[in-house]
Amino acid sequence: MEYKYNSVDVHYFNNNILRRMIMQKDEWYNIVRTTDPETSRVAAKQEIGRVRKAKDRVLELIMEIGGLSGMTDEELAYQDGVITSKYRTARVWLEREGYIEANGTRKSTHGKQQRIWFATRQGKDMYINIKEN
């Protein structure tokens, strides 16, 4: 059976190709709509830079301080004297992309169990790349 494309399909297809091409060039494009004002685009670019720095910092902490014992979210935040949510977005991204993984739990200062994060092989390679650049 042959599928007939209508104008909506073609527009959707072309828009997705264009988005993918732009995404490869500019990460910030993923977090703004095409109808957003320029101020939103500027803010998105700044946010990507902030998150990228946070991702690098979280991976550095896990590798350099966590070592063989790993690190919990609370321990990551404690190292830089920040609230845990500052690094949570970066840590979640690192986990989803396979750069870190949880292995076991440890009690927090409040007595709650927290997952312990370790760098994966891919994360160790990324860490080396960060340090070389």
With 0.36 nm assigned to each residue of separation and the Cα-Cα distance removed, ARG115 to ILE128 gains 2.3 nm
Taking placed amide H atoms and a strict 5 Å upper bound, the residues 5 or more places from GLY104 or on another chain that come that close are ILE116
Distribution output for the stretch 52-132: share of Cα-Cα pairs per 5 Å bin in percent, first bin at 0, values 3, 17, 30, 29, 15, 5, 1, 0
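Since every read-out is calculated from the coordinates, none of them should be taken as a lab result. As the structure is a computational prediction, the values presented were derived from the model and not from experiment.
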